[in-house]
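One structure below.
The values are calculated or read from the model by the stated rules, or taken from the named source; none is laboratory data. As the structure is a computational prediction, the values presented were derived from the model and not from experiment. Backbone-built Cβ (ideal geometry, glycine too); neighbour counts: all protein chains shown. Ligands, DNA and RNA are stripped out before the accessible areas are found, and what is left, the full protein with its side chains, is counted by its heavy atoms. Shrake-Rupley method; radii C 1.70, N 1.55, O 1.52, S 1.80 Å.
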Amino acid sequence: MDLDIPLDRSAPTLLPQQIARGVIDLIVSGAVPRGAALPASRALADHLGVGRLTVVEAYRWLAEQGYVAARRGSKTIVQDVGAAPSLPATAIAPTPAKESDKAAIDFRPGRPDLDAFPRRRWTALQVQASRTLPAGAFDYGEPFGHPPLRRSIAAYLQRSRGLTVPPERIVITAGNGQGVDLILRALPDHRELVCEAPGHLALSRLPDIHSIRRIRTPVDAEGLVTDGLPPADGVRRLALVTPSHQFPTGVMMSVERRRALINWAQQTDAMILEDDYDSEFAYDGRPAVPLAKLDRTGRVIYMGTFSKTLAPGLRLGFMVAPEPMLERLAALKWWVDWGGGVLQQAALATWIDNGGFEKHLQRMRRLYRERCSLLTAALSEALGSRVRFLDVSAGMHFTALLRSPFDAEEIARRAEADGVRLHPLVGTAPGQAQDEAAFVLGFGDLSAAQIVAGAQVLALHAAG
Ligand SMILES: Cc1ncc(COP(=O)(O)O)c(C=O)c1O
């Protein structure tokens with residue numbers, strides 16, 4: 001196979017990086033499918049008219065990032081990157097499936113109960129905002145968003161997370177995805193992003209867009225493994241973590257690890273992005289203590305979202321920005337969204353202030369806890385000791401490990417034919433055995449009947 005990769009020798013980007021990016025484009029577009037062997041480095045070097053070491057370097061970089069794996073016999077094999085159209089839907093594809101190819105029961109994680117979205121209340125709040133906001137509120141907004149919402153969120157963070165932050169440091173975002181993107185733009189001198197592996201696929205692809213290097217760092221039962229983090233070497237880095245409820249394994253980061261991560265950031269001049277995407281939903285009474293609460297160094301940027309507590313379609317979230325970054329972020333926010341739309345923000349501010357939002361959270365917490373128990377009970381009943389769960393005490397998804405003669409992809413393929421879409425965990429779960437298939441099971445948007453029926457189909461195909 002010849003790979004046609006355009007190279008620009010006058011561009012500031014080094015040739016190995018250009019080649020690596022070219023290969024990624026071919027993988028992502030599906031032109032080079034998963035499982036295919038890339039040409040030998042010598043052959044590709046001859047084809048492109050570059051030195052062999054240039055291609056070796058590009059392949060090394062691709063292997064490090066998980067796009068390819070080097071096999072014995074020196075073959076370089078394309079891995080599942082979860083983006084090629086020919087692949088089955090992966091754990092957390094950000095784009096929802098088209099109506100037409102929707103399985104009847106889809107265990108996709110990260111989706112709250114969309115039918116439970118409080119439409120009447122939300123409509124009333126928006127109508128009220130539209131009627132009562134002063135005319136000035138309809139002008140171009142402040143770059144960090146509607147000031148009353150920033151005050152409401154500051155007060156909510158104090159109540160719900162024990163975090164004390166001034167409203168001036170709250171930046172309204174279109175969700176944590178935008179938050180991470182803004183930070184990557186604001187810190188262009190940070191050249192590497194430490195990501196959890198397994199982790200959130202869509203977010204961990206952001207470095208590709210920003211052309212920064214991703215360092216996939218394993219997760220175990222205590223969260224991100226901090227021992228192997230890169231030492232201080234002059235390279236500035238960011239770490240993107242989900243300490244309250246690691247996505248997708250569900251583990252909570254231990255305090256030792258939290259300290260180690262903050263110490264690492266301090267010693268290596270790194271910044272930490274804390275993605276607190278769903279810790280409102282804890283079923284074991286665990287207190288939601290953000291990493292940001294431990295931080296005395298100003299290196300943790302805390303991010304929260306209303307995508308799980310309300311609905312992802314609203315595109316509402318926030319971050320707590322460090323003081324020294326405020327000016328830069330304000331400039332960026334002007335150009336990105338000019339502070340966002342005022343009506344939704346005003347509606348949410350009122351709802352948080354009048355206590356309605358927290359009542360909604362209580363109701364949803366009960367609902368998700370019931371669904372979580374139902375799913376674990378249905379799977380345990382069908383599979384007995386052949387199934388175990390990594391952490392089922394929070395959130396609207398968990399990771400299940402099933403002992404099976406088949407691998408997760410095979411089970412998913414069979415279940416799909418029965419109208420059940422499963423999402424194999426991408427990567428390896430902490431403690432996962434050879435004969436265990438791992439799935440990330442989202443249950444937020446499934447009815448009791450769908451949960452039971454879906455669990456039965458999963459159990460049937462896992463058993464063989
Ligand atoms: C771990 C994690 N982080 C962030 C996000 C993105 O959230 P948002 O909708 O706020 O951009 C998601 C969404 O599924 C998620 O699962």
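Numbers below:
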read-out: Cβ-derived FRET efficiency at R0 35 Å, residue 185 paired with residue 60, nearest 0.05; value: 0.80
read-out: Cα gyration tensor shape of region 354-464, rounded if a/c is under 1.5, else prolate or oblate by comparing a/b with b/c; value: prolate
read-out: Accessible surface of residue 293 - all protein chains present, 1.4 Å probe, nearest 10 Å²; value: 90 Å²
read-out: Chain lengthening between residue 362 and residue 263 when straightened (0.36 nm per residue, less Cα-Cα); value: 32.1 nm
read-out: Residue 2-residue 428 FRET efficiency (beta carbon distance; Förster radius 35 Å; 0.05 resolution); value: 0.55
read-out: Carbon/sulfur fraction of accessible area - the chain, other protein chains in place, 1.4 Å, %; value: 53 percent
read-out: Other-chain or far-sequence residues with amide H under 5 Å of residue 194's (modelled H); value: 215, 238, 239, 240
read-out: Lysine pairs meeting the criterion (Cα under 24 Å, 8 or more apart or interchain), as found in the chain; value: 5
read-out: Where a label projected 7 Å from the Cα of residue 435 along Cα→Cβ would reach, residues of region 449-464 with amide N under 15 Å; value: 462-464
read-out: Accessible area in square angstrom per residue, the chain, 1.4 angstrom probe; value: 44 Å²
read-out: Span-rule helices in the chain, defined as complete DSSP H runs reaching 30 Å or more along the axis (Cα) with Kyte mean at least -0.5; value: 356-383
read-out: For the chain: Kirkwood Rh in Å [reciprocal of mean 1/r, alpha carbons]; value: 23.6 Å
read-out: With all protein chains modelled, accessible area of residue 71 [1.4 Å, Å²]; value: 130 Å²
read-out: Residues whose placed amide H lies under 5 Å from that of residue 301, excluding near-sequence neighbours; value: 272, 273, 274
read-out: Cut-off 10 Å between beta-carbons: net charge of the residues surrounding residue 15, Lys and Arg +1, Asp and Glu -1; value: -1
read-out: Cα gyration tensor shape for region 301-348, rounded if a/c is under 1.5, else prolate or oblate; value: oblate
read-out: Region 172-258: Cα Rg divided by the 2.2 N^0.38 Å rule of thumb; value: 1.07
read-out: By average C-beta atoms within 10 angstrom, highest first, the peptides 227-233, 310-316, 390-396; value: 390-396, 310-316, 227-233
read-out: In Å², nearest 10: area of residue 380 left accessible to a 1.4 Å probe; value: 50 Å²
read-out: 222 nm mean residue ellipticity, helices alone, for the chain (DSSP H n ≥ 4; -39,500 (n - 2.57); rounded to 500); value: -12000 deg cm²/dmol
read-out: Length-normalised contact order of region 284-391 in % [C-alpha pairs under 8 Å, at least 6 apart]; value: 13 percent
read-out: Residue 254 versus residue 460: modelled label distance in nm, points set 7 Å from Cα along the beta carbon direction; value: 4.2 nm
read-out: Accessible-area ranking of 413, 108, 191, largest first, probe 1.4 Å; value: 413, 191, 108
